[in-house]
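Below is one structure, written out as C-alpha cells; the observations come after it.
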Amino acid sequence: MSGKDEIAALIDHTLLKPEATDKDIAALCREAVDHRFAFVCVNPVRVRTAAAWLAGSPVGVCSVVGFPLGATPSEVKAFETRRVVADGASEVDMVIHVGALKSGALQQVEDDIAAVVEAGREGDASVKVIIEAALLGDEEKETACELARRAGARFVKTSTGFGSSGATAADVALMRRIVGPEMGVKAAGGIRDLATFRAMVAAGATRVGTSAGVSILREFEAEGA
C-alpha cells in the first residue's frame with residue numbers, strides 16, 4: 001500500500017443501516033466516485049438507485065443476500081441474488097446458514113452457498129460468503145471457508161457488521177490460510193481507522209468493507225502532510 005489510490009481500491013464503501021435515506025445513498029455514491037473506492041455496498045432495495053448514481057463510473061455496486069442472519073431458505077437467497085444482479089449489482093455478499101453449520105449439516109451449507117453462486121454466475125456476478133466469524137469456533141471457521149471454496153465462491157468474508165463483533169486480524173489470517181491465494185478474503189465489521197485497515201491487509205485481506213473509508217484515507221493523507 002504505497003498510496004491513497006491503492007488503499008481506496010481495496011475498499012467497499014458501505015452503508016447498510018436500515019434508516020439510510022435517499023440522500024445518504026447519494027452521498028455514499030459521490031464519495032465512492034470522488035475517492036475511487038472499489039465498490040459501494042448497499043441493501044437490496046438501494047441497488048437500483050446506487051447503480052443509477054454510479055453509471056459510467058469505475059465504481060461497482062455490491063449488495064447483500066440473506067442478510068444479516070443467513071436464516072433464509074436457499075431458493076429465496078437465490079431469487080434475491082438474481083434480483084440484485086438484475087438491478088445492477090456485480091458482487092453479492094451472502095450470509096451462510098450459521099445454524100446448519102453448527103448443527104453439522106455441512107452439505108446443506110454447501111448447497112446453500114452453491115445456489116447463490118449459481119444465481120450470481122447467471123449474471124456474471126461474484127459471490128462473497130459471509131461466515132459471521134464471531135459466532136464460530138476456529139474449526140467451524142475453517143469448515144465454512146472450505147465449503148465456500150468448494151461451492152465456487154470468489155471470496156470469503158468475516159462478518160456482517162451486525163453481529164456481536166466484527167473482523168479480527170486473526171480471523172483474516174485463518175481464512176487466508178484455508179482458502180489459499182486463489183480466493184479473496186474480505187474483512188468487515190468495526191474497521192474504522194487506518195491502523196486496523198492495515199492490520200487486516202497485512203493478515204491477508206484483499207478487500208475491506210467499511211463505512212469509514214473517507215476518514216481512513218484522510219488519516220493516510222495526514223501521515224504525509
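Each value in this text was obtained by applying a stated rule to the coordinates, not by laboratory testing. Just so it is clear, the model here is predicted, and its values are computed rather than measured. Please note: Cβ atoms are built from the backbone with ideal geometry, for glycine as well, and neighbour counts cover all protein chains shown.
Some values worked out for this structure:
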| read-out | value |
| --- | --- |
| Max mean-square fluctuation residue, GNM over the chain, Cα-Cα springs under 10 Å, options Val76, Val116, Val179 | Val76 |
| Rg and Dmax of the range 89-214, Cα atoms only, in Å | 13.5, 41 |
| No Cys partner within the rule (Cβ under 4.7 Å), the chain | Cys29, Cys145 |
| Kirkwood Rh in Å, taken over all unlike Cα pairs in the range 1-123 | 15.1 |
| Highest-MSF residue in the chain out of Lys102, Lys77, Lys23 [GNM, Cα springs under 10 Å] | Lys23 |
| Residue exposure sequence - His35, His97 - by fewest surrounding Cβ within 10 Å | His35, His97 |
| Extreme residue, positive dipole direction of the range 4-223, given options Ala167, Val40, Val109 (C-beta unit charges) | Val40 |
| Most mobile listed residue (Gly204, Gly180, Gly213) in the chain, GNM with C-alpha springs under 10 Å | Gly180 |
| Dipole in debye (nearest 20) - the chain, about Cα centre, beta carbon charges: Lys, Arg +1; Asp, Glu -1 | 200 |
| Hydrodynamic radius (Kirkwood) for the chain, which is based on Cα pairs only, to one decimal in Å | 17.2 |
